[in-house]
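*Asks:* This is the structure I want to talk about, given as structure tokens.
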Amino acid sequence: MLELGLAISLVNLLSKTDFAVISYLLLIYESARYLATLGFPESVFYFFERVTRHARKAFVLQTCAIMVVTATVSALVIFGISYAVPGLLGHWNDADQAAVMEFLPIMALVAFLEIPTWPVSNVLLAANRQKDAAWYQLLTSSLTFAAIIGPLALGYPLMVSLYCLLGYSIIRFIISFLWLWAVLPPLVEVSGKSLLKEQIKFAIPIGASSLVSRFNKFIDKFVVSLILPAAALAEYNVGAQEIPIVRVIPFAVGSVLISRYVNLQLEDKKQELLELWYKGIRKVSL
């Protein structure tokens, strides 16, 4: 719901063209983030119960290291797009193009810092720390909202808001790894190259399949930005804003139960797994 609140606040605080600019920046950033994460955050649920307790910290560090690599690539892509703006946004006026070109490098830094932290929530869920995961999601979402909306509500320009977002991403990067280091068991065993290969083989096909559905959410906005001026993208983004309640409920229930599914499957408790599955269906239906 904070995502919806962010959109409503931005509409009320910004001019139409400034709203178009930040909408385009967030569009590029979210697309790069989805491309960078692929299926690696989801792979945590599959592998976490399959490694020994004292190898879990090494596995999590391995996952985050992969995300650092993909985040670097995504940041470079975002930075490169800033040079292609005149060709991509030919129907936008010069001032709006210049704003996008100026702000995209900031978003590249945000991507570099935030993307490696994306598996944290799944790690906390896999470690049966549902309350920690909920607090982490609430904290990071609230800080994102405050970083973007706070300066705008105080009358500062969009650039200040984006620098605050960059500051938030630095704080998130530090807090995330301190949090994981505190809650995970001590590092005793190191995960080998075979596990790294297994994780890559598992994650990329899952990520590729989900990438298509994720980009379906953005492709229409890209088309509008390519063929229409900035004001049209602003108006279209308001009309295309999703009400997230429907997808939030099953996602929340599934995230809580998924580690228990893996556990029961490893213990070959198929009947218990099936009963838990049915229980989840009944709860979501209600």
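The values are calculated or read from the model by the stated rules, or taken from the named source; none is laboratory data. Note that the coordinates shown come from a computational prediction; the quantities given were computed from them, not determined experimentally. So basically every Cβ, Gly included, is an ideal-geometry build from the backbone, and we count neighbours across all protein chains shown. These accessible areas exclude ligands, DNA and RNA; they are computed on the full protein's heavy atoms, side chains included. Shrake-Rupley method; radii C 1.70, N 1.55, O 1.52, S 1.80 Å.
Residue-by-condition table, conditions (1) free of Cβ contacts under 8 Å to residues at least 24 places away in the same chain; (2) exposed (fewer than 13 other Cβ atoms within 10 Å of the Cβ); (3) among the β-branched types (V, I, T); (4) part of a loop (DSSP other than H, G, I, E, B):
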| position | (1), (2), (3), (4) |
| --- | --- |
| R214 | no, no, no, no |
| V223 | yes, yes, yes, no |
| A231 | no, no, no, no |
| V238 | no, no, yes, no |
| V253 | no, no, yes, no |
| V262 | no, no, yes, no |
| D268 | yes, yes, no, yes |
| L276 | yes, no, no, no |
| I281 | yes, yes, yes, no |
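*Asks:* Keeping to the stretch 114-138, report how many residues are open to solvent by 10 Å² or more (accessible area, probe 1.4 Å) and either of a type in the set (G, A, S) or assigned to a helix (DSSP H, G or I) (or both).
*Replies:* Counting residues in the stretch 114-138 that are open to solvent by 10 Å² or more (accessible area, probe 1.4 Å) and either of a type in the set (G, A, S) or assigned to a helix (DSSP H, G or I) (or both) gives 12.
*Asks:* Right, another one. Conditions: (1) in contact (Cβ under 8 Å) with a residue 40 or more places away in the chain; (2) surrounded by fewer than 17 Cβ atoms within 10 Å (Cβ to Cβ). P105 meets all but one. Number of the miss?
*Replies:* Condition (1) is where P105 drops out.
*Asks:* Just to be sure I understand the filter: pairs with C-beta atoms under 9 Å, separated by 6 or more residues or on different chains, first member in the stretch 183-201 and more than 11 Å from A55 (Cα to Cα) and part of a loop (DSSP other than H, G, I, E, B), second member open to solvent by less than 30 Å² (accessible area, probe 1.4 Å) and at pLDDT 85 or above. Which pairs pass?
*Replies:* Going by the 9 Å Cβ cut-off, there are no qualifying pairs.
*Asks:* Consider the stretch 36-93. How many of its residues are of a type outside the set (V, I, T), in a loop (DSSP other than H, G, I, E, B) and either free of Cβ contacts under 8 Å to residues at least 40 places away in the same chain or at negative phi (or both)?
*Replies:* Result for the stretch 36-93: 8.
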